[in-house]
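To keep things clear, I will list the structure first and then write my remarks on it.
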Amino acid sequence: MQVRRPVRRSRANAPYVLDEQVGFILRQVGQRHAAIFAARIGDDLTMTQWAALSKLAETGPCSQNLLGRLTAMDAATIKGVVDRLVRRGFVETRPDTEDGRLLVAVLTPAGEEAVARASVNAFAITEETLAPLDAAERAMLLKLLDRLR
């Protein structure tokens, strides 16, 4: 009796299955994380606003340009984010003392309070996002995602 082996198709002949594609899976995971974030962060912060606030808390005052680079936002996006945070009273901008052409973004006391409140929630958001994974899987996922950056 002869055993039939499955025919191996080349990638060129394989059907494209959307559910198996990394981009689609990453988008679904991103959507799940965004829903968890929106439900839990508080202060009606968006993900981009939180990124800017938390990075300012981490680094201290910095130019909008640098803040954009540190948070992976283009110049137009970070300007809009900073403008909204200024209107909300969480950030203020002032000319750079060394280069007056640059605007420096600085957390206000209200911004510092918002970061303190939201930080607790942000840790919980990360926990909930990663909840299906054990500790070793979490570490591996973060390591692999870092390599894909």
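The values are calculated or read from the model by the stated rules, or taken from the named source; none is laboratory data. Every value quoted in this text rests on a predicted model; they were computed, and no experiment measured them. Here the Cβ positions follow ideal geometry from the backbone for every residue, glycine too, while neighbour counts run over all protein chains shown. Each accessible area value is taken on the protein alone, full model and side chains, heavy atoms only, with ligands, DNA and RNA left out. Shrake-Rupley method; radii C 1.70, N 1.55, O 1.52, S 1.80 Å.
Just to verify a number: FRET efficiency for ARG87 and GLU128, C-beta to C-beta distance, R0 = 35 Å, to 0.05? Intermediate results must be reported in sequence, preceding the final value.
Values: r = 30 Å, r/R0 = 0.85.
Between ARG87 and GLU128 the formula returns 0.75.
Heavy-atom accessible area per residue, the chain, 1.4 Å probe: how many Å²?
On the way: 10830 Å² over 149 residues.
Averaged over the residues of the chain, the accessible area is 73 Å².
Its DSSP H runs of at least 4 residues, each contributing -39,500 (n - 2.57), put the calculated 222 nm mean residue ellipticity of the chain at -19000 deg cm²/dmol, to the nearest 500.
Estimate the FRET efficiency between VAL22 and ALA136 by the formula 1/(1 + (r/R0)^6), using the beta-carbon distance for r and 35 Å for R0, to the nearest 0.05.
Calculated transfer efficiency: 0.95.
Label separation (ASN13 vs ALA72): 3.8 nm, computed from points 7 Å beyond Cα along the C-beta direction. With a Förster radius of 30 Å applied to the beta-carbon distance between THR97 and ARG40, the computed FRET efficiency rounds to 0.20.
Could you look at the chain and say what percent of its accessible area is carbon and sulfur, using a 1.4 Å probe and all protein chains? Write out the running numbers ahead of the final one.
Details: 6070 of 10830 Å².
After summing per-atom areas, the C and S share lands at 56 percent.
Amide H contacts for PHE90 (H built 1.01 Å from N in the peptide plane; partners 5 or more residues away or on another chain; cut-off under 5 Å): none found.
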